[in-house]
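Novice: Please read through the structure below; I'll follow up with questions.
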Amino acid sequence: MRSVVLVVAFAACGDNYGYYADRMAYDWDGRQLVCSQPIDDYETPEPWDRIDTELQLAAQYGWVAIMHAHIPGETIARATFERVLADAQGYGLEFVTFRDLENRTEPRGGLAFAFDDNAPDQWVTVRDLMTLYGAHVTFFVARWIYMTDPEHQEIIELASDGHDIEPHTVNHLDGPTYVAANGLDAYMQNEVLPSFQVLVDAGFPQPVAFAYPFGTRTPEMDAAILQYVDRVRTTPGPCPYR
């Protein structure tokens, strides 16, 4: 029975586990569907041994541990984020963005950390920590069209620090639900592709990755979106805040 469970987990999360079926990691093989571990601790403390294990294994096997959160100071404590950065640095991991995953010429242990959604006012509050640890992260941005000009400028400033800016849809809706009601073409034309275009129009590079709101997806959605980007990111199962 356990072997069946492992097979299902591999298929659901793009087989990005290396030797351990419960790990959120990328091993530089070019796979296009990857899983990320949410570590928001706003309701309950994140089990630190799990995070530490992910980082240790990334260092040991030359993988990239993949983790994400949302709003510093609200969904994730500043101290939690700093501890992740400090421990990754302590294990000798390189801080990589999702754009960096495209360069597979030098596989190495790393941490690909991301912040999701639309909280630039809060994201910039940890700009000092990212500078202190020399960390580059990815911001998967949703609801760009509803942000103010000052918020847009904050994201531009984060990009100027070397962080990666990637799309996370227009309205942060549940994809499979939207597709069931309106069709895949409508989802692509109304939610996905416009979220790419607004970033390009704002001067950011052409997107190379896309993160699913709530981590929900179907193989048909993957196939459609992967015509435009190199990689899509999901989550390993029900999460308290995505």
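A short reminder: the numbers here are calculations on the coordinates, not readings from a lab. These numbers were taken from a predicted model, which means no experiment stands behind them. So basically every Cβ, Gly included, is an ideal-geometry build from the backbone, and we count neighbours across all protein chains shown.
Novice: Apply the Kirkwood formula to the stretch 71-163: the hydrodynamic radius equals the inverse of the mean of 1/r over all pairs of different alpha-carbon atoms; give it in Å with one decimal.
Specialist: Across the stretch 71-163, the inverse of the average 1/r is 13.9 Å.
Novice: Restricting attention to the alpha-carbon atoms of the stretch 49-89, what are Rg (one decimal) and Dmax (integer), both in Å?
Specialist: 11.0, 33
Novice: Consider all pairwise Cα distances in the stretch 159-242 and report the whole-number % of them above 14 Å.
Specialist: That tail contains 62 percent of the Cα-Cα pairs.
Novice: While we're looking at this one, here's another question. Under the Karplus relation 6.51 cos²θ - 1.76 cosθ + 1.60, θ = phi - 60°, what is the ordered set of whole-Hz ³J(HN,Hα) values for the stretch 160-171, x standing for Gly and Pro?
Specialist: 3J(HN,Hα) across the stretch 160-171, in whole Hz: 5, 7, x, 7, 8, 10, 10, x, 9, 6, 6, 10.
Novice: Tell me the relative contact order for the chain as a rounded percent, counting alpha carbon contacts under 8 Å between residues six or more apart.
Specialist: Value for the chain: 18 percent.
Novice: Which is farthest toward the positive dipole end of the chain among 158, 182, 139, measuring Cα position about the Cα centre, with Cβ charges +1 (Lys, Arg) and -1 (Asp, Glu)?
Specialist: 182
Novice: Please compute the modelled spin-label separation between residue 125 and residue 200, points set 7 Å along Cα→Cβ, answer in nm with one decimal.
Specialist: 3.5
Novice: Also: Convert each backbone phi in the stretch 97-108 into a coupling constant with the Karplus relation 6.51 cos²θ - 1.76 cosθ + 1.60 (shift: θ = phi - 60°), then list the ³J(HN,Hα) values in order as whole Hz, x for Gly and Pro.
Specialist: Listing the rounded values in order: 9, 5, 5, 5, 5, 6, 8, 9, 6, 10, x, 7 Hz.
Novice: Let me ask you something else. Once every Cα of the chain carries one equal point scatterer and solvent is ignored, give the base-10 log of I(q)/I(0) from the Debye formula at q = 0.09, 0.10, 0.11, 0.14 Å⁻¹, two decimals.
Specialist: -0.35, -0.43, -0.53, -0.89
Novice: Also, I was wondering about something else. Between the stretch 92-138 and the stretch 25-77, what is the C-alpha centre distance in whole Å?
Specialist: Between the Cα centre of the stretch 92-138 and that of the stretch 25-77, the gap is 12 Å.
Novice: Still on this model: Rank-order 124-132, 84-92 by packing density, defined as the average count of other C-beta atoms within 10 Å over each peptide's residues, highest first.
Specialist: In decreasing order of mean packing, 124-132, 84-92 become 84-92, 124-132.
Novice: Can you give the FRET efficiency to the nearest 0.05 for residue 132 and residue 56, using r as the Cβ-Cβ distance and R₀ = 22 Å?
Specialist: Efficiency for this residue pair is about 0.45.
Novice: Here is a follow-up. Which order do peptides 195-207, 106-118, 47-59 fall in by mean Cβ count within 10 Å, highest first?
Specialist: Ranked by mean Cβ neighbours within 10 Å, highest first: 106-118, 47-59, 195-207.
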